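J.: Got a structure for you, questions after.
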Amino acid sequence: MVLRARTDRGRDEWDAVLRLARARKAPRDPAMRARMVEMSWAGETVPVIASELCCDEKTVRRWLHRFNRSGLEGLEDLGGQGRKPRIAQAERSHIIALVRRLPPGRPQRLPDGGFEAEDEAGPLVWTLDALTDAAREDGIEIGRSQVRRILLAEGVRWRRTRSWTRSKDPEFEGKGHGSPASTPAHQPARQSSAPMSSGR
């Protein structure tokens, strides 16, 4: 019987596998495993997939079997015998949904023309730190590096934290050219070109 990657879990899984297989900055191994699934969906056999990806047929069979059993989670690194992935697919999807939401600290225009933020103390933009904190508040135990890997695998962009040295606000006043020195530089006495009197 020819081994094929299953196709019975719906469009969401299909799209997630394709994004991982084609992501330029995704971790190499999971991306290659997703590529195995993509090629199997395209009708390629195990020997052809192994030849195309320069790997062993046994390796292709192992990852196709894991995908058929566990879906996208099955393409994660094995880690240890029987060990489950730390972040479930539902939690990964929740993090992706977070970054697509308006940050709670960003003001929204109200029907009366005013502005109000969901949480004035919340982040104005999504950064890795802000996403990690939000995920933890929602009960997902995850680290910053894991959030970064998930976003890279999904091809999602986020904003890096930057210092606020510049602003587009017209009322924002910068520090100008810097504060003056506390003691002005001593100016040397000007030399006269006229001859000095000899006392006559």
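J.: Just name the residue that is least open to solvent (accessible area, probe 1.4 Å) out of those in region 104-133 that are modelled with pLDDT under 85 and touching a helix residue (DSSP H, G or I) at 6+ places or on another chain (Cβ under 7 Å).
T.: Here the answer is 126.
J.: Also, quick follow-up: Return the pair list, or none, for Cβ contacts closer than 7 Å from residues in region 1-25 that are part of a loop (DSSP other than H, G, I, E, B) and β-branched (Val, Ile, Thr) to residues that are modelled with pLDDT of 85 or more and open to solvent by less than 100 Å² (accessible area, probe 1.4 Å), at least 6 apart or on different chains.
T.: 2/45; 7/41
J.: Out of everything in region 39-60 that is closer than 19 Å to residue 11 by Cβ and touching a residue at least 24 places away in the same chain (Cβ under 8 Å), what residue ends up being least open to solvent (accessible area, probe 1.4 Å)?
T.: Here the answer is 40.
The values are calculated or read from the model by the stated rules, or taken from the named source; none is laboratory data. Predicted, not measured: the structure shown is a model, and the values here were computed from it. So basically every Cβ, Gly included, is an ideal-geometry build from the backbone, and we count neighbours across all protein chains shown. Surface areas here come from the heavy atoms of the whole protein model, side chains and all, with no ligands, DNA or RNA. Shrake-Rupley method; radii C 1.70, N 1.55, O 1.52, S 1.80 Å.
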